[in-house]
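In what follows, a single structure is set out as structure tokens and then discussed.
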């Protein structure tokens, strides 16, 4: 057994045993990688991530005041500098909203497609807003797919029926009344609060009359 070998005997075994050398080198490489990852996380990524969460507040304040162009000017460098960090991803989401406010839907889509966050609602809204962009551009089939994806990403009483409803409206635009009926019925059966607010029966009756 290796634990019973003297240092000299172990060195001889190491020199003569190719498999032992490869295993030792492999384990050493893994240890170095793990150590390097934790050092990077602690001393580089975490401080940069903390700074990123402060960096987009000025742009966010401009956005809250509907100062769209100023918000864009503030947010673009934050997105570029802190890409992949929490603040950078949130800045990218807010930047996309500003492009949408200006009617620049292709630019908004480009930003939204790059948003990668762990926050449940932001991740849902990033998909749903892509649907809004396509809907505004009258690309209703693409919008339907995105709205359904947003609705199903995290099932809840707010965003799920909201995006199912938008998908239903877009289905009506492309005259897919069977699909619209299916989506409205899904809301009626599973999301009573939203169903009552939107008087969903009216929408079901409207498309039901058009189903062949």
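Each reported figure results from applying straightforward, stated rules to the coordinates on display, with no laboratory input. Predicted model, so just to flag it, every value in this text is computed and none were measured. A quick note on method: Cβ atoms are made from the backbone with ideal geometry, for glycine too, and the neighbour counts reach across all protein chains shown.
What order do you get for 67, 123, 80, 135 when you list them from fewest to most C-beta neighbours inside 10 Å?
80, 67, 123, 135
Of 185, 197, how do they rank once you tally other Cβ atoms within 10 Å and put the fewest first?
Result, fewest neighbours first: 197, 185.
Provide 58, 72, 200 in ascending order of the number of other Cβ atoms located within 10 Å of each residue's Cβ, fewest first.
58, 72, 200
Rounded, prolate or oblate: which fits the stretch 124-212 when a ≥ b ≥ c are the square roots of the eigenvalues of the alpha-carbon gyration tensor, with rounded for a/c under 1.5 and prolate only if a/b beats b/c?
Oblate.
What shape does the stretch 100-162 have by the C-alpha gyration tensor, where a ≥ b ≥ c are the square roots of the eigenvalues, rounded means a/c under 1.5, and otherwise prolate means a/b greater than b/c and oblate the rest?
Taking the square roots of the gyration eigenvalues as a ≥ b ≥ c, the stretch 100-162 is oblate.
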